[in-house]
Amino acid sequence: MDTIASLFSFITTPVSWIIVQFHKVYGALFGDDSGWAWGLSIVSLVVLIRICLIPLFVKQIKSTRNMQVLQPKMKAIQERYKNDKQRQSEEMMKLYKETGTNPLSSCLPILAQSPFFFALYHVLSSIASGKKIGAINQDLLDSARQAHIFGAPLAAKFTDSVEKVTSLDASLTDVRIVTAIMIVLMSASQFFTQRQLMTKNVDLTVKTPYMQQQKMLMYIFPVIFAVMGINFPVGVLVYWLTTNVWTMGQQMYVINQNPTPGSKAQDAYLQRVLKSVTSHGEVRGRTRRKMVKAIVAKGSDRNDIERKFITGLGKLGLAAQEDGTVAKSETAAADAEGSQAHKRQQPKRQTKAKRQTAGHATAGAKGTESEAAGSKTSLEKQDAPQDSKPKSAGKPASGSSRQAKSGQRKGPQRPKHPSKK
(Lines give C-alpha, C1' and ligand atoms only; values in the text may rest on other atoms or scores of the structure.)
Protein backbone atom coordinates (compact mmCIF):
# COMPACT_ATOMS: atom_id res chain seq x y z
CA MET A 1 0.00 0.00 0.00
CA ASP A 2 2.95 2.35 0.65
CA THR A 3 4.03 1.86 -2.95
CA ILE A 4 0.55 2.75 -4.23
CA ALA A 5 0.35 5.74 -1.89
CA SER A 6 3.72 7.03 -3.08
CA LEU A 7 2.36 7.06 -6.63
CA PHE A 8 -0.30 9.54 -5.49
CA SER A 9 1.99 11.56 -3.24
CA PHE A 10 1.71 14.53 -5.62
CA ILE A 11 -1.87 15.07 -4.40
CA THR A 12 -1.25 14.38 -0.72
CA THR A 13 -0.41 18.00 0.06
CA PRO A 14 -3.54 19.45 -1.65
CA VAL A 15 -5.78 16.92 0.12
CA SER A 16 -4.25 17.59 3.53
CA TRP A 17 -4.48 21.35 2.92
CA ILE A 18 -8.23 21.10 2.07
CA ILE A 19 -8.85 19.06 5.23
CA VAL A 20 -7.00 21.65 7.34
CA GLN A 21 -9.08 24.51 5.89
CA PHE A 22 -12.34 22.72 6.65
CA HIS A 23 -11.01 21.83 10.12
CA LYS A 24 -10.53 25.52 10.90
CA VAL A 25 -14.22 26.16 10.16
CA TYR A 26 -15.59 23.17 12.08
CA GLY A 27 -13.02 23.52 14.87
CA ALA A 28 -14.49 26.94 15.70
CA LEU A 29 -17.88 25.25 16.17
CA PHE A 30 -17.05 21.91 17.84
CA GLY A 31 -13.51 22.43 19.15
CA ASP A 32 -10.16 21.74 17.51
CA ASP A 33 -9.72 18.30 19.03
CA SER A 34 -13.31 17.14 18.42
CA GLY A 35 -13.92 14.08 16.28
CA TRP A 36 -16.84 15.89 14.66
CA ALA A 37 -14.53 18.68 13.48
CA TRP A 38 -12.18 16.23 11.79
CA GLY A 39 -14.98 13.90 10.61
CA LEU A 40 -16.98 16.71 9.03
CA SER A 41 -13.78 17.95 7.39
CA ILE A 42 -13.49 14.59 5.63
CA VAL A 43 -17.19 14.66 4.66
CA SER A 44 -16.76 18.16 3.23
CA LEU A 45 -13.75 16.94 1.26
CA VAL A 46 -15.94 14.24 -0.30
CA VAL A 47 -18.70 16.71 -1.17
CA LEU A 48 -16.22 19.08 -2.79
CA ILE A 49 -14.68 16.28 -4.86
CA ARG A 50 -18.06 14.93 -5.97
CA ILE A 51 -19.26 18.36 -7.04
CA CYS A 52 -16.18 18.68 -9.22
CA LEU A 53 -16.90 15.23 -10.69
CA ILE A 54 -20.50 15.98 -11.76
CA PRO A 55 -19.51 16.49 -15.45
CA LEU A 56 -17.85 13.07 -15.40
CA PHE A 57 -20.95 11.59 -13.80
CA VAL A 58 -23.08 12.95 -16.64
CA LYS A 59 -20.72 11.30 -19.15
CA GLN A 60 -20.98 8.08 -17.17
CA ILE A 61 -24.79 8.10 -17.44
CA LYS A 62 -24.68 8.72 -21.20
CA SER A 63 -22.07 6.03 -21.72
CA THR A 64 -24.00 3.48 -19.66
CA ARG A 65 -27.19 4.13 -21.62
CA ASN A 66 -25.40 3.94 -24.95
CA MET A 67 -23.86 0.64 -23.91
CA GLN A 68 -27.33 -0.71 -23.07
CA VAL A 69 -28.68 0.37 -26.45
CA LEU A 70 -25.69 -1.11 -28.31
CA GLN A 71 -25.79 -4.50 -26.60
CA PRO A 72 -27.90 -6.23 -29.32
CA LYS A 73 -25.59 -4.91 -32.07
CA MET A 74 -22.50 -5.91 -30.10
CA LYS A 75 -23.89 -9.40 -29.60
CA ALA A 76 -24.58 -9.68 -33.34
CA ILE A 77 -20.97 -8.69 -34.13
CA GLN A 78 -19.65 -11.26 -31.67
CA GLU A 79 -21.76 -14.00 -33.25
CA ARG A 80 -20.80 -12.99 -36.79
CA TYR A 81 -17.04 -12.79 -36.17
CA LYS A 82 -16.69 -15.31 -33.35
CA ASN A 83 -13.80 -17.03 -35.18
CA ASP A 84 -12.00 -13.80 -36.09
CA LYS A 85 -11.10 -11.86 -32.92
CA GLN A 86 -9.22 -9.14 -34.78
CA ARG A 87 -12.14 -8.39 -37.11
CA GLN A 88 -14.49 -8.52 -34.12
CA SER A 89 -12.41 -5.92 -32.29
CA GLU A 90 -12.28 -3.69 -35.38
CA GLU A 91 -16.06 -3.83 -35.82
CA MET A 92 -16.56 -3.03 -32.14
CA MET A 93 -14.33 0.03 -32.34
CA LYS A 94 -16.13 1.12 -35.50
CA LEU A 95 -19.48 0.81 -33.70
CA TYR A 96 -18.20 2.86 -30.74
CA LYS A 97 -16.90 5.54 -33.09
CA GLU A 98 -20.15 5.78 -35.08
CA THR A 99 -22.30 6.12 -31.96
CA GLY A 100 -19.85 8.27 -29.97
CA THR A 101 -19.68 5.74 -27.13
CA ASN A 102 -16.69 5.29 -24.85
CA PRO A 103 -16.79 2.09 -22.73
CA LEU A 104 -14.36 3.62 -20.22
CA SER A 105 -16.65 6.57 -19.50
CA SER A 106 -18.63 4.49 -17.00
CA CYS A 107 -15.46 4.12 -14.91
CA LEU A 108 -14.36 7.76 -15.04
CA PRO A 109 -15.83 8.89 -11.68
CA ILE A 110 -14.19 5.99 -9.84
CA LEU A 111 -10.87 6.50 -11.59
CA ALA A 112 -10.97 10.24 -10.89
CA GLN A 113 -11.60 9.63 -7.18
CA SER A 114 -8.76 7.13 -6.80
CA PRO A 115 -5.96 9.70 -6.29
CA PHE A 116 -7.94 11.49 -3.56
CA PHE A 117 -8.82 8.21 -1.90
CA PHE A 118 -5.25 6.96 -1.70
CA ALA A 119 -3.97 10.41 -0.67
CA LEU A 120 -6.46 10.50 2.21
CA TYR A 121 -5.48 6.96 3.20
CA HIS A 122 -1.84 8.00 3.25
CA VAL A 123 -2.65 11.09 5.37
CA LEU A 124 -4.60 9.05 7.95
CA SER A 125 -1.92 6.35 8.07
CA SER A 126 0.70 9.02 8.78
CA ILE A 127 -1.51 10.42 11.58
CA ALA A 128 -1.77 6.92 13.12
CA SER A 129 2.03 6.57 12.93
CA GLY A 130 2.59 10.06 14.39
CA LYS A 131 4.25 11.43 11.25
CA LYS A 132 3.73 14.91 9.84
CA ILE A 133 2.51 15.00 6.27
CA GLY A 134 1.62 17.73 3.76
CA ALA A 135 -0.10 20.69 5.42
CA ILE A 136 -0.57 18.85 8.75
CA ASN A 137 2.03 20.13 11.24
CA GLN A 138 2.78 18.77 14.70
CA ASP A 139 -0.05 20.66 16.46
CA LEU A 140 -2.62 19.44 13.94
CA LEU A 141 -1.14 15.95 14.15
CA ASP A 142 -1.66 15.82 17.92
CA SER A 143 -5.19 17.18 17.53
CA ALA A 144 -6.09 14.58 14.89
CA ARG A 145 -4.72 11.74 17.06
CA GLN A 146 -7.01 12.81 19.90
CA ALA A 147 -10.10 13.03 17.63
CA HIS A 148 -12.59 10.19 18.15
CA ILE A 149 -15.87 9.36 16.38
CA PHE A 150 -18.16 7.46 18.77
CA GLY A 151 -15.09 6.37 20.71
CA ALA A 152 -13.04 5.24 17.68
CA PRO A 153 -9.95 7.23 16.59
CA LEU A 154 -9.90 8.43 12.97
CA ALA A 155 -6.68 6.54 12.30
CA ALA A 156 -7.74 3.21 13.91
CA LYS A 157 -8.59 0.09 11.85
CA PHE A 158 -10.63 -3.04 12.54
CA THR A 159 -7.50 -5.22 12.32
CA ASP A 160 -5.36 -3.08 14.68
CA SER A 161 -3.83 -4.73 17.71
CA VAL A 162 -4.73 -3.87 21.29
CA GLU A 163 -1.40 -2.06 21.81
CA LYS A 164 -1.89 0.18 18.78
CA VAL A 165 -5.47 1.06 19.71
CA THR A 166 -4.39 1.76 23.30
CA SER A 167 -1.72 4.15 22.04
CA LEU A 168 -4.55 6.14 20.42
CA ASP A 169 -6.43 6.35 23.75
CA ALA A 170 -9.26 4.00 22.72
CA SER A 171 -10.52 0.47 23.38
CA LEU A 172 -10.41 -2.34 20.84
CA THR A 173 -14.12 -3.11 21.41
CA ASP A 174 -15.21 0.43 20.56
CA VAL A 175 -13.03 0.48 17.45
CA ARG A 176 -14.38 -2.83 16.14
CA ILE A 177 -18.02 -2.00 16.82
CA VAL A 178 -17.77 1.39 15.07
CA THR A 179 -15.80 0.03 12.10
CA ALA A 180 -18.12 -2.97 11.72
CA ILE A 181 -21.22 -0.74 11.63
CA MET A 182 -19.59 1.59 9.10
CA ILE A 183 -18.51 -1.34 6.91
CA VAL A 184 -22.07 -2.73 6.91
CA LEU A 185 -23.51 0.69 6.03
CA MET A 186 -20.91 1.16 3.30
CA SER A 187 -21.69 -2.23 1.71
CA ALA A 188 -25.46 -1.77 2.07
CA SER A 189 -25.38 1.63 0.38
CA GLN A 190 -23.32 0.17 -2.46
CA PHE A 191 -25.80 -2.71 -2.89
CA PHE A 192 -28.87 -0.44 -2.80
CA THR A 193 -27.31 1.94 -5.34
CA GLN A 194 -26.69 -0.89 -7.80
CA ARG A 195 -30.05 -2.50 -7.09
CA GLN A 196 -32.12 0.59 -7.82
CA LEU A 197 -30.19 0.97 -11.06
CA MET A 198 -31.00 -2.62 -12.11
CA THR A 199 -34.64 -2.72 -11.01
CA LYS A 200 -35.84 0.76 -11.99
CA ASN A 201 -33.56 2.35 -14.58
CA VAL A 202 -32.86 -0.44 -17.05
CA ASP A 203 -34.57 -0.97 -20.40
CA LEU A 204 -36.62 -4.12 -19.79
CA THR A 205 -36.96 -4.85 -23.53
CA VAL A 206 -33.21 -5.45 -23.91
CA LYS A 207 -32.04 -8.85 -22.62
CA THR A 208 -28.28 -9.16 -23.05
CA PRO A 209 -25.27 -10.63 -21.23
CA TYR A 210 -24.48 -7.08 -20.09
CA MET A 211 -27.54 -7.20 -17.85
CA GLN A 212 -26.36 -10.43 -16.25
CA GLN A 213 -22.94 -8.91 -15.62
CA GLN A 214 -24.53 -5.93 -13.87
CA LYS A 215 -26.57 -8.26 -11.68
CA MET A 216 -23.43 -10.12 -10.68
CA LEU A 217 -21.66 -6.87 -9.82
CA MET A 218 -24.64 -5.91 -7.66
CA TYR A 219 -23.71 -8.76 -5.31
CA ILE A 220 -19.95 -8.85 -5.79
CA PHE A 221 -19.12 -5.19 -5.13
CA PRO A 222 -20.58 -5.06 -1.60
CA VAL A 223 -18.61 -8.17 -0.65
CA ILE A 224 -15.40 -6.64 -2.02
CA PHE A 225 -15.98 -3.43 -0.06
CA ALA A 226 -16.69 -5.43 3.11
CA VAL A 227 -13.45 -7.40 2.80
CA MET A 228 -11.40 -4.30 2.00
CA GLY A 229 -13.13 -2.27 4.70
CA ILE A 230 -11.53 -4.12 7.61
CA ASN A 231 -8.17 -2.69 6.50
CA PHE A 232 -9.40 0.91 6.16
CA PRO A 233 -8.94 3.50 8.94
CA VAL A 234 -12.10 5.01 10.40
CA GLY A 235 -11.45 8.26 8.53
CA VAL A 236 -11.30 6.41 5.19
CA LEU A 237 -14.52 4.56 6.06
CA VAL A 238 -16.14 7.97 6.68
CA TYR A 239 -14.88 9.09 3.27
CA TRP A 240 -16.13 5.97 1.44
CA LEU A 241 -19.50 5.86 3.23
CA THR A 242 -20.08 9.52 2.37
CA THR A 243 -19.23 9.03 -1.29
CA ASN A 244 -21.55 5.97 -1.48
CA VAL A 245 -24.43 7.93 0.05
CA TRP A 246 -23.74 10.80 -2.38
CA THR A 247 -23.78 8.38 -5.33
CA MET A 248 -27.03 6.83 -4.13
CA GLY A 249 -28.75 10.21 -3.80
CA GLN A 250 -27.36 11.44 -7.11
CA GLN A 251 -28.60 8.32 -8.86
CA MET A 252 -32.06 8.61 -7.30
CA TYR A 253 -32.29 12.13 -8.69
CA VAL A 254 -31.27 10.98 -12.16
CA ILE A 255 -33.75 8.08 -12.11
CA ASN A 256 -36.60 10.40 -11.14
CA GLN A 257 -35.74 13.23 -13.52
CA ASN A 258 -34.04 11.57 -16.51
CA PRO A 259 -34.96 7.87 -16.62
CA THR A 260 -33.74 5.34 -19.16
CA PRO A 261 -36.20 4.81 -22.07
CA GLY A 262 -38.18 1.60 -21.68
CA SER A 263 -37.58 1.31 -17.93
CA LYS A 264 -40.00 1.26 -15.01
CA ALA A 265 -38.63 4.65 -14.01
CA GLN A 266 -39.70 6.10 -17.38
CA ASP A 267 -43.21 4.71 -16.93
CA ALA A 268 -43.49 6.33 -13.49
CA TYR A 269 -42.03 9.60 -14.81
CA LEU A 270 -44.45 9.84 -17.76
CA GLN A 271 -47.37 9.03 -15.47
CA ARG A 272 -46.35 12.00 -13.30
CA VAL A 273 -46.12 14.20 -16.40
CA LEU A 274 -49.56 13.03 -17.57
CA LYS A 275 -51.04 13.75 -14.14
CA SER A 276 -49.50 17.23 -14.19
CA VAL A 277 -50.89 17.90 -17.68
CA THR A 278 -54.33 16.75 -16.51
CA SER A 279 -54.21 19.24 -13.64
CA HIS A 280 -52.65 22.24 -15.40
CA GLY A 281 -53.34 21.65 -19.10
CA GLU A 282 -49.68 22.08 -20.05
CA VAL A 283 -46.24 20.50 -19.67
CA ARG A 284 -44.49 22.31 -16.84
CA GLY A 285 -40.72 22.38 -16.56
CA ARG A 286 -37.92 22.49 -19.10
CA THR A 287 -36.80 18.94 -18.33
CA ARG A 288 -40.29 17.54 -18.91
CA ARG A 289 -40.72 19.45 -22.16
CA LYS A 290 -37.36 18.12 -23.31
CA MET A 291 -38.54 14.56 -22.58
CA VAL A 292 -41.82 15.06 -24.48
CA LYS A 293 -39.90 16.61 -27.39
CA ALA A 294 -37.66 13.54 -27.59
CA ILE A 295 -40.71 11.24 -27.60
CA VAL A 296 -42.35 13.20 -30.44
CA ALA A 297 -39.11 13.07 -32.46
CA LYS A 298 -39.01 9.25 -32.24
CA GLY A 299 -42.20 8.86 -34.25
CA SER A 300 -42.95 5.19 -34.92
CA ASP A 301 -39.83 4.11 -33.01
CA ARG A 302 -41.47 4.84 -29.64
CA ASN A 303 -41.54 2.08 -27.08
CA ASP A 304 -44.74 0.80 -25.44
CA ILE A 305 -44.44 3.18 -22.48
CA GLU A 306 -44.11 6.22 -24.74
CA ARG A 307 -47.04 5.12 -26.92
CA LYS A 308 -49.11 4.71 -23.78
CA PHE A 309 -48.23 8.29 -22.81
CA ILE A 310 -49.22 9.66 -26.24
CA THR A 311 -52.52 7.74 -26.03
CA GLY A 312 -53.15 9.19 -22.58
CA LEU A 313 -52.71 12.69 -23.98
CA GLY A 314 -55.15 11.84 -26.77
CA LYS A 315 -57.82 10.83 -24.25
CA LEU A 316 -57.49 14.31 -22.77
CA GLY A 317 -57.99 15.81 -26.23
CA LEU A 318 -54.34 16.90 -26.40
CA ALA A 319 -51.50 16.20 -28.80
CA ALA A 320 -47.76 16.48 -28.11
CA GLN A 321 -45.98 19.10 -30.22
CA GLU A 322 -42.46 19.09 -31.66
CA ASP A 323 -41.29 21.69 -29.14
CA GLY A 324 -42.35 19.55 -26.17
CA THR A 325 -45.61 21.38 -25.43
CA VAL A 326 -49.17 20.06 -25.81
CA ALA A 327 -52.10 21.52 -27.74
CA LYS A 328 -55.80 20.69 -28.08
CA SER A 329 -56.58 18.29 -30.88
CA GLU A 330 -59.90 16.64 -31.76
CA THR A 331 -58.10 14.22 -34.06
CA ALA A 332 -55.95 12.91 -31.21
CA ALA A 333 -59.05 12.36 -29.05
CA ALA A 334 -60.81 10.49 -31.87
CA ASP A 335 -57.74 8.32 -32.50
CA ALA A 336 -57.52 7.48 -28.80
CA GLU A 337 -61.21 6.50 -28.66
CA GLY A 338 -60.87 4.46 -31.84
CA SER A 339 -57.88 2.56 -30.53
CA GLN A 340 -59.81 1.79 -27.36
CA ALA A 341 -62.89 0.62 -29.30
CA HIS A 342 -60.88 -1.69 -31.54
CA LYS A 343 -58.76 -3.00 -28.74
CA ARG A 344 -58.92 -6.76 -28.71
CA GLN A 345 -60.84 -8.17 -25.76
CA GLN A 346 -59.60 -11.46 -24.41
CA PRO A 347 -62.35 -13.81 -23.10
CA LYS A 348 -62.24 -14.54 -19.42
CA ARG A 349 -60.97 -17.96 -18.53
CA GLN A 350 -63.72 -20.16 -17.04
CA THR A 351 -63.21 -22.48 -14.12
CA LYS A 352 -62.94 -26.24 -14.65
CA ALA A 353 -66.39 -26.86 -13.13
CA LYS A 354 -68.03 -24.36 -15.48
CA ARG A 355 -66.26 -25.88 -18.50
CA GLN A 356 -67.46 -29.38 -17.53
CA THR A 357 -71.04 -28.15 -16.99
CA ALA A 358 -71.02 -26.43 -20.37
CA GLY A 359 -69.65 -29.60 -22.00
CA HIS A 360 -72.41 -31.77 -20.50
CA ALA A 361 -75.07 -29.28 -21.60
CA THR A 362 -73.67 -29.28 -25.14
CA ALA A 363 -73.59 -33.08 -25.27
CA GLY A 364 -77.20 -33.28 -24.00
CA ALA A 365 -78.36 -30.82 -26.60
CA LYS A 366 -76.64 -32.79 -29.37
CA GLY A 367 -78.27 -36.02 -28.12
CA THR A 368 -81.73 -34.42 -28.11
CA GLU A 369 -81.17 -33.13 -31.62
CA SER A 370 -80.09 -36.57 -32.88
CA GLU A 371 -83.14 -38.23 -31.29
CA ALA A 372 -85.45 -35.70 -32.88
CA ALA A 373 -83.79 -36.24 -36.24
CA GLY A 374 -84.18 -40.02 -35.89
CA SER A 375 -87.89 -39.82 -35.02
CA LYS A 376 -88.47 -37.48 -37.92
CA THR A 377 -86.81 -39.93 -40.32
CA SER A 378 -88.96 -42.81 -39.08
CA LEU A 379 -92.13 -40.78 -39.49
CA GLU A 380 -91.14 -39.89 -43.03
CA LYS A 381 -90.63 -43.57 -43.86
CA GLN A 382 -94.05 -44.48 -42.48
CA ASP A 383 -95.78 -41.74 -44.43
CA ALA A 384 -94.02 -42.61 -47.69
CA PRO A 385 -96.40 -44.23 -50.36
CA GLN A 386 -95.91 -47.90 -51.18
CA ASP A 387 -94.57 -48.73 -54.63
CA SER A 388 -97.41 -50.48 -56.59
CA LYS A 389 -95.27 -51.52 -59.53
CA PRO A 390 -94.44 -55.26 -59.62
CA LYS A 391 -90.81 -56.12 -59.36
CA SER A 392 -89.02 -57.48 -62.39
CA ALA A 393 -89.09 -61.25 -62.63
CA GLY A 394 -85.51 -61.42 -63.79
CA LYS A 395 -84.20 -59.69 -60.71
CA PRO A 396 -83.99 -61.77 -57.60
CA ALA A 397 -85.65 -60.43 -54.53
CA SER A 398 -83.49 -58.92 -51.94
CA GLY A 399 -84.97 -61.29 -49.41
CA SER A 400 -83.96 -64.33 -51.45
CA SER A 401 -80.34 -63.27 -51.46
CA ARG A 402 -80.42 -63.01 -47.69
CA GLN A 403 -82.06 -66.46 -47.55
CA ALA A 404 -79.20 -68.04 -49.51
CA LYS A 405 -77.16 -70.57 -47.65
CA SER A 406 -74.01 -69.40 -46.13
CA GLY A 407 -71.08 -70.46 -48.22
CA GLN A 408 -73.14 -70.79 -51.42
CA ARG A 409 -72.08 -68.49 -54.19
CA LYS A 410 -74.50 -66.18 -55.84
CA GLY A 411 -75.20 -66.46 -59.56
CA PRO A 412 -74.56 -69.46 -61.90
CA GLN A 413 -72.69 -72.37 -60.31
CA ARG A 414 -69.78 -74.20 -61.92
CA PRO A 415 -70.43 -77.87 -62.65
CA LYS A 416 -68.85 -80.25 -60.19
CA HIS A 417 -65.86 -82.32 -61.18
CA PRO A 418 -66.78 -85.79 -62.41
CA SER A 419 -64.81 -87.43 -59.65
CA LYS A 420 -66.88 -85.59 -57.06
CA LYS A 421 -70.27 -86.73 -58.39
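Below, the figures for the structure above:
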{"read-out": "Residue among Ser300, Ser263 that is over 30 Å from Ala226 (Cα atoms), at pLDDT below 85 and surrounded by 20 or more Cβ atoms within 10 Å (Cβ to Cβ)", "value": "Ser263"}
{"read-out": "Of all residues making up segment 66-82, the number that are at pLDDT 80 or above and either charged (D, E, K, R) or assigned to a helix (DSSP H, G or I) (or both)", "value": "5"}
{"read-out": "Meets criteria (over 25 Å from Gln251 (Cα atoms) and either modelled with pLDDT under 85 or surrounded by 13 or more Cβ atoms within 10 Å (Cβ to Cβ) (or both)) for Val20", "value": "yes"}
{"read-out": "Conditions (1) in the same structural domain as Pro55 (by TED's automatic domain parsing); (2) part of a helix (DSSP H, G or I); (3) in contact (Cβ under 8 Å) with a residue 40 or more places away in the chain: number failed by Val227", "value": "(3)"}
{"read-out": "Single condition Leu197 does not satisfy, out of (1) under 30 Å from Asp267 (Cα atoms); (2) assigned to a loop (DSSP other than H, G, I, E, B)", "value": "(2)"}
{"read-out": "Helices (runs of 4 or more DSSP H) lying entirely in segment 233-309 (those with 2 or more residues that are more than 17 Å from the chain's Cα centre (by Cα) and under 30 Å from Leu120 (Cβ atoms))", "value": "234-257"}
{"read-out": "Flag if Leu120 is surrounded by fewer than 17 Cβ atoms within 10 Å (Cβ to Cβ), of a type in the set (A, V, I, L, M, F, W, C) and modelled with pLDDT under 85", "value": "no"}
{"read-out": "Segment 36-65 - residue that is of a type in the set (Gly, Ala, Ser) and modelled with pLDDT of 85 or more and, of those, farthest from Val238 (Cα to Cα)", "value": "Ala37"}
{"read-out": "Meets criteria (surrounded by 16 or more Cβ atoms within 10 Å (Cβ to Cβ) and among the polar types (S, T, N, Q)) for Ser187", "value": "yes"}
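Conditions tested, residue by residue: (1) without any contact (Cβ under 8 Å) to a residue 60 or more places away in the chain; (2) in the same structural domain as Gln146 (by TED's automatic domain parsing); (3) part of a helix (DSSP H, G or I).
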position: Asp33; (1), (2), (3): no, yes, no
position: Arg50; (1), (2), (3): no, yes, yes
position: Pro55; (1), (2), (3): yes, yes, yes
position: Lys59; (1), (2), (3): yes, yes, yes
position: Lys62; (1), (2), (3): yes, yes, yes
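Condition check ((1) among the aliphatic types (A, V, I, L, M); (2) modelled with pLDDT of 85 or more; (3) touching a Lys or Arg at 6+ places or on another chain (Cβ under 6 Å); (4) on the phi < 0 side of the Ramachandran plot) across all residues:
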| site | (1), (2), (3), (4) |
| --- | --- |
| Pro115 | no, no, no, yes |
| Lys131 | no, no, no, yes |
| Val178 | yes, yes, no, yes |
| Val184 | yes, yes, no, yes |
| Ser189 | no, yes, no, yes |
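The values are calculated or read from the model by the stated rules, or taken from the named source; none is laboratory data. It should be emphasised that the depicted structure is a prediction, and the values quoted were computed from it without experimental measurement. As a convention, Cβ positions derive from the backbone with ideal geometry for all residues, glycine included, and neighbour counts pool all protein chains shown.
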